[in-house]
């Protein structure tokens, strides 16, 4: 496939940007580690995943209304509901309902390659892992085969794949930590109807040896469980349990977040989402808070965002609601999804309007809308490039 | 098998021995020009000296019948639902050449207005040797008979529609929908003898379910028809007419195609009984290049098979008429090209339609019941199995008050489906229409109508239409130029398809507003020239349609459901030309549409509507041999509900089908003089073009089909 993207910057601007980046990296390398200790800076940009209609990635700057679009899947099915961004690599997957495909995008070059995963394996999330020997290594949780695929390739070379098998009922996410691969098992019947079978589990598979550890995460339920790693702590989140077999839908359990000490292999604390809510899509804001996107209920499916402290998972509440109260330019209430704050504490999120037209919204730390810019159509996820 | 075929041939041959010294009488509906079945013809002598030429009363079994008649006879024509008519003596009967020409008699429906009755008395009976051209005032339409379609290689309704101008068929998973004038398939109303086939639950009718053997003709009419067809006919109408034929047909083709169908009719108990049945099977395991994976590879479609069985029964009496149509189909629910998750999924659809009509003191009562049952089975994930049953019942009363025709109707829909989904709604409507036309000739005609639908949950939805045409020039006896125009409004109430049937997955119910065509306007010129054997016609029209609250499907997670979008505007040109010279005839059509949705600041080209589309046919016909080359092409088609983007368009395509046909009847030693036998061989997609009518669902490449049709044809 040939990616279609247009750059508006000139060669001179690119050179200047590259030089600035090198300089900034050098400065960062000389300073203390962690962005929290630096002077907060605006983001380099925002990436929005257009998950349906015309799948692709929309790139936006921190200011202005200009955007560029990188087409992802013009000839094939595509149903990704999210993506991961690490070291300028965007990873996203299509499930069994859309061909079991992995999309690897290099944001710097705006090139994408499509890799076929095992047929009917029903991939969930892909993570960029630490490869060796110049190889790119990607781990993909395969829900319907109780395994994780480790896909590696060098440059434009052919991809090869190995598997970690028997990693739970429905592996949905993974990460590497301390010479081990950690797999999030949603413990749901993903092969059939995603019915929750029990609490989410975290399975540790060491790189060497066969001794595995399984950490139970009591009360955490949801077929779309995911992990977020910050230092030696992981935040495992799951959206809850609900029955969609009949209408109206019924909520069985709300979503939640569980904080896990990876070195101690133990649960530190857990937090349930507010009553009646469904979902728990967690992002780590560049301001150090967790931002949880969820639905207010199973009737209206109104998008809400909750701000959570990482230390004790307590909610930064507003005066009138469990979630952030966001107001538009005219003072009316605004709802949006896929929230994440930049280092300045400004919440970024997306909103799909009539015709699934997507807007990127930015709110001040006080919750007032300060920016609204078009971001193509069919937006399902967002990430801020620090 | 061969013995059974021989018995069938002999049985057909023994019936209806050939009349001699006869004339052909064809009876049509005066409004629609559609042929009428079950008409009672009685020839009575007006002069004692020609008594020997009279014949007993008989019922018209096909569209036409051959009766013995003389210029001094009177012909009594009667049928249920129509005003009886008497044709007396010369000149009408006297002008009929007994060996060649056809006398066309039109009957007015019982709800005819006073003006229509008066005008009909003034309209001369037509005596022609050629097929009539059906038209309605100001409306672009085209008709194709099944006989002509079979000669051109069609043995299914799908194939017949593919031969017709202005049509755009969209096929996926064995289901075929029809698009007219850039409309979505649920915006096209399909009727069989006026009976709506679109299911209120889905908004669609699968034309694959209708046996060709039971049909006489198909007419596509472009544009909204709020008064004649009613709610749902926002893009156009496909009107099918049934026929009492005696026909049997077998077809074999590539990819496991096997089709058998037949139709029969007989008189009993004072009524005409007609029946038809069809059975079709295909594996559809064609190969295609799958470019949806990591690298293109050649593979075969799997779980793409289909099996269909259809039966119909009709009883036409002098005072009442009953029609029953039932079908069942099972097909593999093959997924898009790179998706193997549906390789075991199956779908079964059962449909039953019953319709009755009877006259009541100068008015007509029509009632009907439709039932649709849909079952989706996923053997690998039984928890996802779904089932839905939809019912629709309608009753309509038609009549006329002085010069104004009126219609009143009530109906109700009900659907139950897996997942606790239950929906029902009641509806009613009232419509009035008045038509004028020039006295003595057909220089001009105008019709105006209005309709109000009252639908539970949607309120009152008024619509109106105005159409007219006028002869603007006449060049000699054989050339005339007609100007025409039509404006109409239409409404489509959200169907349950919009809420549920789009996917095997269970969807949440979203309240939608009715889709409103505020204006559907067309105007153009039509030129007709020539005689029966040498003729030429040409027409062109400019069209515009504005749709408010268009219901468009926007997939995506929990918002996976259609939505009302802002405004959809279509502007375009439609044109067609035909030329027949001796044994050769040629026809061509082209449409150019710019259809754009405007919503949320975006301009979205309507999915699957090509900017340019067209078709052409070249036919060579001798008495026994026929050859047809049919070409169909269309430009790039967007397939997403997003802004125009070449990355998300299906490529332009050009398809050629070639058919040769041989009629066996003219052969020297053909043993059954009253049976026509037709053998056709078709090469479809002769250039082996890879293409998709719906994105992700590849269509077959080059394929072949061989068919044999035996038809009783009294002479």
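No lab work stands behind these numbers, since they all come straight from the coordinates. Worth saying up front: this structure is predicted, and the values here are computed from it rather than measured. Glycine gets a Cβ as well: all are built from the backbone with ideal geometry, and neighbour counts include every protein chain shown.
In table form, for the structure just shown:
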item: By average C-beta atoms within 10 angstrom, highest first, the peptides B:664-672, A:214-222; result: A:214-222, B:664-672
item: For residues of B:333-343, the mean tally of beta carbons on other chains within 10 Å; result: 5
item: Percent breakdown of C-alpha pair distances by 10 Å bin, ordered from the shortest bin, for the range B:574-616; result: 24, 32, 22, 14, 6, 2
item: D (Stokes-Einstein, µm²/s), Kirkwood Cα radius, the range B:323-398, 1.567 mPa s at 4 °C; result: 86 µm²/s
item: Cα centroid separation - the range B:566-630 against the range A:213-280, whole Å; result: 56 Å
item: Bins of 5 Å, starting at 0 and running to the largest distance - Cα pair percent for the range A:54-132; result: 3, 15, 25, 25, 17, 9, 4, 2, 0
item: Sorted largest first, extent of the range A:253-386 alpha carbons per principal axis (Å); result: 47, 35, 30
item: Average beta-carbon neighbours from other chains, 10 Å sphere, peptide A:112-121; result: 3
item: Cα centroid separation - the range B:373-402 against the range A:147-191, whole Å; result: 45 Å
item: Cα gyration tensor shape for the range B:284-380, rounded if a/c is under 1.5, else prolate or oblate; result: prolate
item: Among A:356, A:65, A:320: highest mean-square fluctuation, GNM of chain A, C-alpha pairs under 10 Å; result: A:320
item: Segments B:275-287, B:616-628 sorted - mean Cβ within 10 Å per residue, highest first; result: B:275-287, B:616-628
item: Added length on full extension, which subtracts the Cα-Cα distance from 0.36 nm per residue, residue B:479 to residue B:313; result: 55.5 nm
item: At 1.306 mPa s and 10 °C, Stokes D of the range A:225-325 from Kirkwood alpha-carbon radius, µm² per second; result: 114 µm²/s
item: R0 of 30 Å, Cβ-Cβ distance residue B:348-residue B:689: FRET efficiency to nearest 0.05; result: 0.40
item: Hull volume in cubic angstrom per residue (convex hull over the Cα atoms of the range B:671-715); result: 99 Å³
item: 10 Å Cβ neighbours from other chains, averaged over peptide B:637-650; result: 5
item: Chain A, helix-only ellipticity at 222 nm - DSSP H runs n ≥ 4, -39,500 (n - 2.57), divided by all residues, nearest 500; result: -2000 deg cm²/dmol
item: Estimated distance in nm for a label pair at residue A:135 and residue A:318, the labels positioned 7 Å out from Cα along Cα-to-Cβ; result: 4.9 nm
item: Paired Rg and Dmax values of the range B:369-467, which use every Cα atom, in angstrom; result: 20.9, 70
item: Separation in nanometres of the label points that stand 7 Å from Cα toward Cβ, at residue B:581 and residue B:84; result: 5.0 nm
item: Using distinct alpha-carbon pairs, which all enter the 1/r mean, Kirkwood radius of the range A:93-148 in Å; result: 11.8 Å
item: Cα-based equivalent ellipsoid, chain A: semi-axes from gyration tensor eigenvalues, Å; result: 29, 27, 22
item: Taking only Cα atoms of the range B:609-651, radius of gyration then Dmax in Å; result: 16.9, 53
item: Gyration tensor (Cα) of the range A:146-211, equivalent ellipsoid semi-axes in angstrom; result: 24, 16, 9
item: Label-point gap, in nm, between residue A:332 and residue A:119 - each point 7 angstrom along Cα→Cβ; result: 5.0 nm
item: Packing rank of A:196-202, A:89-95, where each peptide gets the mean count of other beta carbons within 10 Å, highest leading; result: A:89-95, A:196-202
item: Base-10 log of normalised Debye intensity for the range A:47-93 (one unit scatterer per alpha-carbon) at q = 0.17, 0.19, 0.22, 0.24 Å⁻¹; result: -0.50, -0.62, -0.80, -0.91
item: In Å, descending, principal axis extents of the Cα set of the range B:166-308; result: 65, 37, 26
